[in-house]
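Remarks on the structure that follows.
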Amino acid sequence: MPKNVFERAVKERVIFKDEAFLYPEFVPERLPHREKEIDALVFAFDPVLKGKRPQNVFLAGPTGCGKTAVAKFVLKELEEFTDRAKSVYINCFEYNSRHSVLSKITNFIGAPAPRRGIATDEIYSQFLDAMKRIDFTPIIVLDEVDQLVFSEDGSKLLYDILRVHEQEKTVLGLGLISNNSELTLLLDSRIRSSLTEERILFEGYTPEQLKDILFSRAQYAFASGALSEEVIGVAAANAARLGGDARVAIESLLKAGREAERENSEKVLLKHLKKAFESVDAVSLLKGLKHLNENEKLLLGEIAQADGITSGQVFEAFKKKSKSPLTERRLRDLLNGLEKRDFVSSEQLSLGNKGKTRKYHCRLPQKMVLKELSSN
């Protein structure tokens, strides 16, 4: 028996060299297959180097396609190159109100502003006063901005930020990040006219691109010989099936490596990766629920509640609960979309003389899906 229970664990860990290269917050020194998007963002921020106002930008594309990584990478490079710009990154899941975002920005530019105990308009006044005193151009990045902009409160926030230039004759840059490429088209007309954004659209990674990304991370994250090319290929193919999500691919490798460590295996094997898929895929799909439209959520909720439900039963349940009647053909298209994105699976059943139907099952744990849908 070792003197300390962790002694054996330390000796047995031969899988990872530095697993931090697989963490979600890690921003690599190069971003393969995103050169075009990086160049577009550099061009938008280039005016800062000449003391001018940067372009506002809108980065859109599916989950895990590199939007946040590209934004953080370019802004890091910009701040290293010049002291004329400083950036603040804000995730709107965490900061989801006008008050909290204005507090974050005001603190960032050097004027202490608490998140509570002070009126929002007073914080905005402090923000405007602080803008007059700074000697750099702030660039504000709002990620997952969908969580904010469709409320009256969030719409007012964008209007507040965009009118700073008109009110105070000071300059700042605004970056919006979303999975919805149509988001800016849905904004209030006053905001759209002030935003005049540069649109940078991302696509999901292909299987080959995902393999390149995984190879570049794996060579630093894993010990020599601990990870086979086969495992990387399967991880890339699985993430491509889920829409080209690099986050899913990278997290799968991390969890597979930890599973190999737990078993004290010399290498990460396909069996470890398959175990990782079970948890990573579920988490990834649950995150994707927020991007379903209301009709898709209603259909998925009906399927999740039942332990197998036919298409006819789904249609009847939908008609009773939906405020927007749809044709059966349209409902069938929505069901096909849910199946293609792996939220549901289906099987064909024979009804004898009555023909055939399809029976649908939810691919994710029932309680997790229903809880997530109720909070969306």
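The values are calculated or read from the model by the stated rules, or taken from the named source; none is laboratory data. All figures in this text were calculated on a predicted structure; none of them were measured in a lab. Neighbour counts are summed over all protein chains in view; Cβ atoms, including those assigned to glycine, are modelled from backbone coordinates with ideal geometry.
Of all the criteria given as (1) touching a helix residue (DSSP H, G or I) at 6+ places or on another chain (Cβ under 6 Å); (2) at positive phi, the one not satisfied by LYS156 is (2). Filtering ASN293, ASN264 for residues that are surrounded by fewer than 20 Cβ atoms within 10 Å (Cβ to Cβ) and closer than 25 Å to SER178 by Cβ leaves a single hit, ASN293. Among the residues of the range 71-96, the one identified as farther than 21 Å from ALA60 by Cα and among the small types (Gly, Ala, Ser) is ALA85. Scanning the range 93-104 finds one or more residues that are surrounded by 17 or more Cβ atoms within 10 Å (Cβ to Cβ), in contact with a strand residue (DSSP E or B) (Cβ under 8 Å, 6 or more places away or on another chain) and at pLDDT 90 or above. Among the residues of this structure, GLY225 does not count as one that is part of a loop (DSSP other than H, G, I, E, B) and surrounded by 15 or more Cβ atoms within 10 Å (Cβ to Cβ).
If the requirement is being modelled with pLDDT of 90 or more, surrounded by 12 or more Cβ atoms within 10 Å (Cβ to Cβ) and either under 17 Å from ASP143 (Cβ atoms) or in the same structural domain as ASP143 (by TED's automatic domain parsing) (or both), which of these qualifies: PHE43, PHE16?
Working: PHE16 fails: either under 17 Å from ASP143 (Cβ atoms) or in the same structural domain as ASP143 (by TED's automatic domain parsing) (or both).
The conditions single out PHE43.
Restricting attention to the range 111-137, report how many residues are part of a helix (DSSP H, G or I) and either without any contact (Cβ under 8 Å) to a residue 12 or more places away in the chain or aliphatic (A, V, I, L, M) (or both). Outline the logic, then answer.
Restricting attention to the range 111-137, the residues satisfying the condition of being part of a helix (DSSP H, G or I) are 120-133.
Those left that are additionally either without any contact (Cβ under 8 Å) to a residue 12 or more places away in the chain or aliphatic (A, V, I, L, M) (or both): 121-123, 125, 128, 130-131.
Within the range 111-137, residues that are part of a helix (DSSP H, G or I) and either without any contact (Cβ under 8 Å) to a residue 12 or more places away in the chain or aliphatic (A, V, I, L, M) (or both) number 7.
Quick one: would you say LYS297 is touching a Gly at 6+ places or on another chain (Cβ under 7 Å) and in contact (Cβ under 8 Å) with a residue 40 or more places away in the chain? Spelling it out, it is not the case that LYS297 is touching a Gly at 6+ places or on another chain (Cβ under 7 Å) and in contact (Cβ under 8 Å) with a residue 40 or more places away in the chain.
Taking the range 257-376 as the region of interest, the helices (runs of 4 or more DSSP H) fully inside it that hold 1 or more residues being modelled with pLDDT under 80 are 270-288, 328-340, 366-375.
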